[in-house]
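All remarks here apply to the structure that follows.
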Amino acid sequence: APRGVMATGVYSPQHDIYSESRLTLMSDLKEALQRDQTCLHYQPKMCLRTGRVVGLEALVRWHHPERGWVFPSDFIPLAEETGVITQLTRWAVERGLKDLAALAGDYPDLELSINISARDLTDKGLVQSIQAALSQHGIRPNQLTLELTETAAMEDPETGFKALQALAEAGLQISIDDFGSGYSSLSYLKQLPASEIKLDRSLIIDILESDSSRVIVETAVNMVHGLGYAVIAEGVENEDAAQLLRELNCDRLQGYWLSKPLPLAELQDWLLVQNFPSKLLPQPTATEA
Ligand code: C2E
Ligand code: MG
Ligand code: MG
Ligand code: MG
């Protein structure tokens with residue numbers, strides 16, 4: 001079929017990844033990555049047993065010279081389709097570890113999570129480029145977590161599984177992002193070389209109001225623990241939800257209640273003034289998760 005004509009014969013610009021404006025967006029993104037015009041914002045993660053901040057998730061932000069702020073949902077899917085994601089991931093690893101190194105003097109045990117996509121699992125040089133960045137910035141491999149969705153991990157199970165295993169063997173941690181938002185294959189889940197499962201915001205959003213949501217989260221936490229993984233909840237927006245998650249034995253949380261994603265300088269200020277135990281009182285026998 002000619003360019004832009006779908007099988008149905010209906011022209012659909014949204015579905016034409018090669019439309020001119022989308023190609024322009026991708027060449028702009030490549031240029032922005034080269035010139036370091038993209039940046040990362042960092043959202044803190046809290047340990048629910050100690051109430052302390054234990055890690056950060058890096059989320060890409062792009063200020064386009066003409067379009068203004070462009071959000072990940074507007075360019076990540078296209079970057080995945082066009083392969084530009086490979087370049088973005090390598091940039092994010094480099095920038096994220098550089099920023100983590102800047103925090104390491106004050107917070108030597110802080111962990112960093114970076115999101116990766118299915119396509120990254122076919123990037124043969126990824127492990128090596130991560131290892132180079134780790135040693136350049138003096139970061140231990142187990143301080144770095146790669147987050148990817150279950151769907152991404154299963155896109156090509158054989159290649160995906162091998163690539164994840166190579167990353168895990170290099171000492172990195174793997175987190176399964178947005179768990180519970182799509183089709184979950186429990187038989188596949190138990191084989192993944194992951195260390196953490198991240199419960200999707202859609203499961204967390206109404207745990208205070210809905211008995212069935214609470215039962216699903218409680219069951220998911222127990223199942224994930226039974227498989228030997230840690231469990232973190234994303235999208236936690238209020239204190240009551242945080243308390244309930246702690247009662248349900250969830251290990252960690254992340255969400256607007258604790259903090260929105262912040263630029264590095266704001267994060268540094270936030271870390272200084274934050275008195276975590278005042279947000280959530282730790283239980284007496286606190287060990288870190
Ligand atoms: P994600 O990895 O599941 O990230 C969580 C998203 O939820 C982020 O949106 C974050 O800002 C938002 N969020 C965090 N806490 C709350 C909350 O309490 N309430 C609500 N309503 N939202 C919350 P963001 O930054 O727009 O990122 C969207 C998605 O884009 C991410 O989902 C991730 O899949 C992708 N993404 C972001 N940065 C990168 C990156 O560097 N590489 C790749 N491959 N994907 C990325
Ligand atoms: Mg994520
Ligand atoms: Mg997520
Ligand atoms: Mg999500």
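The values are calculated or read from the model by the stated rules, or taken from the named source; none is laboratory data. Computed from a predicted model, the values in this text were never measured in an experiment. Cβ atoms come from the backbone with ideal geometry, glycine included; neighbour counts cover every protein chain shown. Protein only, heavy atoms only, side chains kept; ligands, DNA and RNA dropped before computing areas. Shrake-Rupley method; radii C 1.70, N 1.55, O 1.52, S 1.80 Å.
Summary of computed values
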quantity: Extended-chain gain in nm, criterion 0.36 nm per residue less alpha-carbon gap, GLN34 and ASP74; calculated: 12.5 nm
quantity: Additional length obtainable on full extension of the chain from GLN87 to GLU266, 0.36 nm per residue less Cα span; calculated: 61.8 nm
quantity: DSSP loop GluC sites (Glu not before Pro) with at most 11 other Cβ within 10 Å: longest gap in the chain; calculated: 67-208
quantity: Of the chymotrypsin sites (Phe, Trp or Tyr not before Pro) in the stretch 169-249, those whose Cβ has at most 11 other Cβ within 10 Å and which sit in DSSP loop; calculated: TYR183
quantity: Descending semi-axes in whole angstrom, ellipsoid equivalent of the stretch 100-139, from the Cα gyration tensor; calculated: 24, 12, 5
quantity: Directionally averaged shadow of the chain, computed from the convex hull of its alpha-carbon atoms, nm²; calculated: 17.1
quantity: Hydrodynamic radius (Kirkwood) for the stretch 89-161, which is based on Cα pairs only, to one decimal in Å; calculated: 12.9
quantity: DSSP loop trypsin sites (Lys or Arg not before Pro) with at most 16 other Cβ within 10 Å: longest gap in the chain; calculated: 191-289
quantity: Length added when fully stretched, SER185-SER210, from 0.36 nm per residue minus Cα-Cα; calculated: 6.6 nm
quantity: Which of MET154, MET26 is most accessible, then next, and so on - probe 1.4 Å; calculated: MET154, MET26
quantity: Sites THR24 and THR122, calculated FRET efficiency, Cβ-Cβ separation with R0 25 Å, nearest 0.05; calculated: 0.45
quantity: Computed over the stretch 141-187: relative contact order in percent, which uses C-alpha pairs under 8 Å that are six or more apart; calculated: 54
